[in-house]
Ligand SMILES: [Fe+2]
Ligand SMILES: [Fe+2]
């Protein structure tokens, strides 16, 4: 069973994963508006992943006989100066999420809650990947420096990201 403190902390992370989904959907909408449909597609795939993360926490809380209580999700920003600014923002956001996961891990260790510690290990590794994938695209955008032809080329590349919606329910 979860302690009250841990239950509350895990519920808060459900909120932040949902906020991440909300943020990336807002970024998808930004790209859609700019006609960058490949970038928009990539962000929609990311939205689905974040929802899957939220569901992992959701299911874990129930498995440990806890109670999921959904909190208010803040509105995400809706506008950025450039695609580079979008990825700069997203990359920073992922670093904040990593810090939150680390805090949860510290709490689990402090409470000697080994099951939660084990569960969180997946997220520790996932955050390494998350930061790396945003960083890789950010680096490309920095090289491109707003060049329309190169942006179009990258847009085509990002359109190739697989989007498996079944992942939402089966892996959670
Ligand atoms: Fe996430
Ligand atoms: Fe993420």
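Where a number appears in this text, it was derived from the coordinates with a stated rule and is not lab data. Computed from a predicted model, the values in this text were never measured in an experiment. Counting neighbours? That spans all protein chains shown, and the Cβs are built from the backbone with ideal geometry, glycine included.
Key figures
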read-out: Relative contact order (%) - the chain, alpha-carbon pairs under 8 angstrom, separation at least six; value: 33
read-out: Cα pair distances in segment 77-143, grouped into 5 Å bins until the bin that holds the longest one, percent each; value: 4, 17, 22, 17, 14, 10, 8, 6, 3, 0
read-out: Cα-projected label distance for residue 102 with residue 73, points at 7 Å along beta-carbon direction, nm; value: 2.6
read-out: Rounded Å value of the spacing that divides the Cα centres of segment 89-145 and segment 64-83; value: 16
read-out: Sum of -39500 (n - 2.57) over DSSP H runs of 4+, divided by residues of the chain (222 nm, nearest 500); value: -26500 deg cm²/dmol
read-out: Förster radius 30 Å - calculated FRET efficiency between residue 125 and residue 82, Cβ distance, rounded to 0.05; value: 0.45
read-out: Rounded to 10°, Cα long-axis angle of helix 114-144 versus longest principal axis of the chain; value: 10
read-out: Whole-angstrom Cα spans of segment 50-91 along principal axes, big to small; value: 45, 18, 11
read-out: Compactness relative to 2.2 N^0.38 Å, alpha carbon Rg of the chain; value: 1.10
read-out: Highest-MSF residue in the chain out of 108, 75, 99 [GNM, Cα springs under 10 Å]; value: 75
read-out: Label-point separation, residue 32 to residue 161 (7 Å along Cα→Cβ), nm; value: 1.5
